[in-house]
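First up is the structure itself, then whatever we jot down about it.
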Amino acid sequence: MKTDITLEYGGKTLIIDTKYYSRAVQTNPLYNSQTIHSGNLYQIYAYVKNKDTLRSGEVSGLLLYAKTNEDALLDNNYRMDGNSIGVRSLDLDKDFSNIRRQLDRIVDEWMNEKSAKIADVSV
């Protein structure tokens, strides 16, 4: 397994795995709910846990989905077994300077621990 992007700064590591699907989320018709593809969450979790060999919690992971025409805007943070895992949308239907601002904001948020809402998830 090889990560798409690994950023390291000030003792912290952010692993980013990029994804594109025509539908970024799965819909469960039984419960009328939308969820992230579980295989993608498992993949980023595996990347993070394999990198964080000291179990310091200083390694984070981010699933970065290309924004699609669907209504779901991904902006979720989770704490999984001591590490932060996030899911974001990136709107590629913008000029490059706007895309760069989106990416800069994401990296700044993660590397400076400005993540607002984090839900604990049992693994």
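Its DSSP H runs of at least 4 residues, each contributing -39,500 (n - 2.57), put the calculated 222 nm mean residue ellipticity of the chain at -8000 deg cm²/dmol, to the nearest 500.
The loop-placed trypsin sites (Lys or Arg not before Pro) in the stretch 14-54, going by DSSP, that have at most 13 neighbouring Cβ atoms within 10 Å of their Cβ come out as 23.
Averaging the sequence gap over all C-alpha pairs within less than 8 Å and six or more residues apart, then dividing by the number of residues, gives the stretch 5-113 a relative contact order of 25 percent. Of the chymotrypsin sites (Phe, Trp or Tyr not before Pro) found in the stretch 14-96, those in coil by DSSP whose Cβ has at most 12 other Cβ atoms within 10 Å are 20, 31.
Throughout, read-outs are computed from the coordinates displayed, never taken from laboratory work. Bear in mind that the values here come from a model prediction, so they are computed numbers and not experimental data. Neighbour counts are summed over all protein chains in view; Cβ atoms, including those assigned to glycine, are modelled from backbone coordinates with ideal geometry.
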